[in-house]
Amino acid sequence: MSEVAIGIDIGGTCTCIGVVDKKGNIIAETSIPTQESRDFNVFIENLSTAISDLITPLKNLDLRGIGIGAPNGNYYKGTVEYPPNLPWKGVSSIVDKLKIYFDVPMVLTNDANAAAIGEMIYGGAKGIKNFVVITLGTGLGSGFVVNGSLMYGDDGFAGEAGHMTAIENGRKCGCGKKGCLETYASATGIVNTVKELLSNSKTKSSLRKIPENEISSKLIYEAAKDGDKIALEAFEYTGKILGISLANIVNITSPKMIIIFGGLAKSGNLIIKPTKKAMEANVLPVFRDKVNIKLSELSEENAAVLGASALVWKEF
Ligand SMILES: [Zn+2]
């Protein structure tokens, strides 16, 4: 019998499910569309059917538990609470409902926290007791590991670096506040920076040929690689804002490393260099040149499911 965990990543579009062994090999995987189940109970039924269909044909497996990563996941209650991008409003008791179908240990936390545990169990943070994971996707997610444990905070929601105020009275954020870090340092943020730079200057740019609503972080990355001035300036600006916030994080938590992950992280040194420069300029001297910013070693495609499954190995 080989020991396996199920990892479930609940995303706005799609919920991915994987059966994962202790080394991080995905033995079987499937997915269901999240948005189609507008009723939460229907979602739970669809999810449990998908899990059963996935594990029934697998033989000689010892299922040790189910780990779930979800936006606005509450670790203590096993709930998802007021998620902005999921179809169900209010508080949804995922763990309690799913336990009706599967009598195994279950743990739920927010997706960025799950990514941090994924790095700890399978990725670049093996054996590291203090580190931070920052996911630069549509928004900015973060997970903090302090003294070997994920920081959940008093109410289970700790680690929302994306909503630290980066610019007073800045861009409007999905959370209702203004100037949150993620409105600048994310795939969405860099797109908005480019739009501002294009309208506030006459600098030549290949990005001017692209209709405004089609500008993406990927196109900005490609333009920057070709030396486009606007794209390069956007990376500099994004990195500067991110780096200052990371310096604040370093001053508080003293991590050994910061692992960057997600769509915008794929830009590599274009984002890391200005981020590192601004971080070093703003950390206490005692932390200078000590904190490594590195890219995740986990593949983007599987990281969310791996992170969710890693919760099982960490907790049970
Ligand atoms: Zn916000």
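Taking the range 115-138 as the range and being touching a residue at least 40 places away in the same chain (Cβ under 8 Å), small (Gly, Ala, Ser) and open to solvent by 20 Å² or more (accessible area, probe 1.4 Å) as the test, only Gly137 passes.
Only one of the numbered conditions (1) outside any helix (DSSP H, G or I); (2) of a type outside the set (Ser, Thr, Tyr); (3) within 16 Å of the ligand (Cβ to nearest atom) is not met by Ile241, and that is (1). The set of residues in the range 152-176 being farther than 22 Å from Ile271 by Cα and modelled with pLDDT of 95 or more consists of Glu168, Asn169, Lys172.
Applying the criterion of being in contact with a helix residue (DSSP H, G or I) (Cβ under 9 Å, 6 or more places away or on another chain) and farther than 19 Å from Pro71 by Cβ to the residues of the range 87-103, the residue that is surrounded by the most Cβ atoms within 10 Å (Cβ to Cβ) is Phe102. When every residue of the range 85-96 is checked against the conditions, none turns out to be out of contact with any strand residue (DSSP E or B) (no Cβ under 8 Å at 6 or more places or on another chain), assigned to a helix (DSSP H, G or I) and farther than 23 Å from Ala115 by Cα.
Whether any residue in the range 222-236 is in contact with a Cys (Cβ under 9 Å, 6 or more places away or on another chain) and either among the small types (Gly, Ala, Ser) or at negative phi (or both) is what I want to check. Even if it seems obvious, please write down each step before you answer.
Of all residues in the range 222-236, those in contact with a Cys (Cβ under 9 Å, 6 or more places away or on another chain) come to none.
No, the conditions are met nowhere in the range 222-236.
Taken over the range 151-163, the residue count meeting the criterion of being open to solvent by 60 Å² or more (accessible area, probe 1.4 Å) and within 15 Å of Thr135 (Cβ to Cβ) is 1.
Looking across the range 170-202 at every residue that is of a type in the set (S, T, N, Q) and within 17 Å of the chain's Cα centre (by Cα), the one that is nearest to the ligand (Cβ to nearest atom) is identified as Thr183. Counting the residues of the range 139-148 that are surrounded by fewer than 17 Cβ atoms within 10 Å (Cβ to Cβ) and either under 10 Å from the mean Cα position of the chain (by Cα) or within 25 Å of Val91 (Cβ to Cβ) (or both) gives 0. Taking the criterion of being assigned to a strand (DSSP E or B) and of a type in the set (Lys, Arg), the only residue of the range 121-172 that qualifies is Lys172. Is it the case that some residue within the range 267-290 is open to solvent by 70 Å² or more (accessible area, probe 1.4 Å) and under 19 Å from the mean Cα position of the chain (by Cα)? No; the residues of the range 267-290 include none that is open to solvent by 70 Å² or more (accessible area, probe 1.4 Å) and under 19 Å from the mean Cα position of the chain (by Cα).
The values are calculated or read from the model by the stated rules, or taken from the named source; none is laboratory data. Just so it is clear, the model here is predicted, and its values are computed rather than measured. Because the Cβ atoms are built from the backbone with ideal geometry, glycine has one as well, and the counts that use them run over all protein chains shown. The accessibility values were calculated without ligands, DNA or RNA, using every heavy atom of the protein model including side chains. Shrake-Rupley method; radii C 1.70, N 1.55, O 1.52, S 1.80 Å.
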